[in-house]
Amino acid sequence: MNEDKTLGSGTEKSEADLLRERLLRQTRHACEVMNPAEIAAADAFCEGYKTFLNQAKTEREAAAFLLARARALGFREFRPGDICRPGDKCYVNNRNKALILAVAGKEPAEAGLRLTAAHIDSPRLDLKPSPLYEDKALILGKTHYYGGIKKYQWAAIPLALHGVVVKKDGTIVPVSIGEDPADPKFCVTDLLPHLAAEQMKRTLDKGIQGEELNIIFGSRPILLDGKPEGFKLNILQILHERYGITEWDLLSAELEAVPAFPACDVGLDRGMIGAYGQDDRVCAYPCAEALFALEGVPDRTAVAVLADKEEIGSCGNTGLDTNFLLDFITDLVLGQGGNPRVALRNTKCLSADVNAAFDPTFPGVMEPQNAAYCNLGVVVTKYTGARGKSGTSDAGAEFFAWVRNLLDEAGVLWQAGELGKVDEGGGGTVAVDLAKLNLDVIDIGVPILSMHAPFELAAKLDIAMLEKACRAFYQS
Ligand SMILES: [Zn+2]
């Protein structure tokens, strides 16, 4: 802790100062409340986080990364019928795109879990099932954007292609092109300003339109007997040589175009990280790492779920609007001879997702008194939603009080924040899906600048605070 300059200086605090201290809610910058060693430890934690960001740009890669970590730490696959005993570590791998990690507590699971939930999918450009076409001596790939993006942000930046192609015989062919500095990259083109007079009259949301998000795949024809014999054929020939796939195989593929640049520090003081996909890896990583870092056996069973499909409404069998988490909890509790419904009612959950940080360049969309700010710690969000709180899980005051007490006791710097001005827009998190299970849930996360842009910013000290918050929660 920093030296309190008002103590030991011989000057008495005024009555007004004492009253302010006692009654007013004060916010403090993380640099004020963390000592140099804590700041250095937070920065070191974020180096690991950057590695994760660079190696896990898709939900599949994030699941694989965290699954490998879990296995190395002794986590075993959980199967229905298994009996989890105190200290047992287990995981569920849902179709390689979502994960559940758990450490069994001293108390039976029926006494309630300590559950964190984050998501590992991010907005991006998915290749359409039939993507490739040639036009005027160029080969392009059609895309269908995934999640809420400002489409114009995705033109004229280097893109990498990640994902899988699954052949008819079931063989999974992993694809990653554009991350190695020697790799070729991909790109959506934009119009030169000289000829953009009409384009510039479009509204910003139509600056680049969905069917203009076409990726450059190549520019040379295949030469057979010295003669050019087709551009698209050349690309398919290269793909076939490298991956053994044909155009048919692209139908059963999940190929995602994501920004090709790596995570980096931002600002001369290196206080922030800039990277693609921090929503919501910035919460998924601390949730998982805090679980991995647990020492001894926690009182309650600690669980982290890392889900897919949040950015499109958590639908689909790897999203949280489906039963995979409920099935796990049911099997876990039944295995111990308990009642799953009782377990759910006793469960406390942190829905770990990002919130918008106040951006001084765009102050008009925020209500400053209820906004979140970078470096003021983790942001606890009672409700999200739109307009009159539509589509939100509005956490109960009782549970908020419980979380406040937990964070204060653990020395976690935290702030309260809404998403923005009431009528400005809105958003949601998986808290709604979790609340359906009849458990207590509240949103907690890291404030982000440029959310959903190809390059999002987060403050390192907030990220480390979230890890600390998760650790305290698992041990509560
Ligand atoms: Zn998001």
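The values are calculated or read from the model by the stated rules, or taken from the named source; none is laboratory data. On a predicted model such as this, the values are computed, not experimentally measured, just so you know. Because the Cβ atoms are built from the backbone with ideal geometry, glycine has one as well, and the counts that use them run over all protein chains shown.
Some notes on this structure:
- Cβ pairs under 9 Å, 6+ apart, first in the stretch 237-253 and without any contact (Cβ under 8 Å) to a residue 60 or more places away in the chain, second in a helix (DSSP H, G or I): 239/249; 239/250; 246/236; 246/239; 246/240
- Listed by first and then second residue, the pairs with beta-carbon distance under 8 Å, at least 6 apart or on different chains, first residue in the stretch 28-51 and within 22 Å of residue 120 (Cα to Cα), second hydroxyl-bearing (Ser, Thr, Tyr) and modelled with pLDDT of 95 or more, are 48/285; 49/285.
- Of residues in the stretch 28-61 being more than 18 Å from residue 458 (Cβ to Cβ) and outside any helix (DSSP H, G or I), the one modelled with the lowest pLDDT: 28
- Just one of the listed residues (70, 118, 102) is buried (at least 22 other Cβ atoms within 10 Å of the Cβ) and either within 16 Å of the ligand (Cβ to nearest atom) or of a type outside the set (Gly, Ala, Ser) (or both), namely 118.
- Of the candidates 406, 376, the single residue that is touching a residue at least 40 places away in the same chain (Cβ under 8 Å) and touching a His at 6+ places or on another chain (Cβ under 9 Å) is 376.
- Candidates 385, 319, 338 - the one that is farther than 22 Å from residue 433 by Cβ and either surrounded by 18 or more Cβ atoms within 10 Å (Cβ to Cβ) or of a type outside the set (Val, Ile, Thr) (or both): 338
- Listed by position, the strands (runs of 3 or more DSSP E) inside the stretch 387-464 whose residues that are within 16 Å of the ligand (Cβ to nearest atom), within 20 Å of the chain's Cα centre (by Cα) and closer than 16 Å to residue 358 by Cβ number at least 1 are 440-445, 447-449, 456-459.
- The single condition from (1) buried (at least 22 other Cβ atoms within 10 Å of the Cβ); (2) in contact with a Pro (Cβ under 8 Å, 6 or more places away or on another chain); (3) among the β-branched types (Val, Ile, Thr) that residue 297 fails is (1).
- Whenever a residue of the stretch 1-27 is outside the structural domain of residue 38 (by TED's automatic domain parsing), its partners that are surrounded by 10 or more Cβ atoms within 10 Å (Cβ to Cβ) and at pLDDT below 85, lying with C-beta atoms within less than 8 angstrom and at least six residues away or across chains, give the pairs 13/6; 17/6.
- Residue match in the stretch 375-384 (condition: within 16 Å of the ligand (Cβ to nearest atom), part of a loop (DSSP other than H, G, I, E, B), at pLDDT 90 or above and closer than 21 Å to residue 122 by Cβ): no
- When the stretch 139-149 is limited to residues that are more than 16 Å from the ligand (Cβ to nearest atom) and buried (at least 16 other Cβ atoms within 10 Å of the Cβ), the one that is nearest to residue 350 (Cα to Cα) turns out to be 143.
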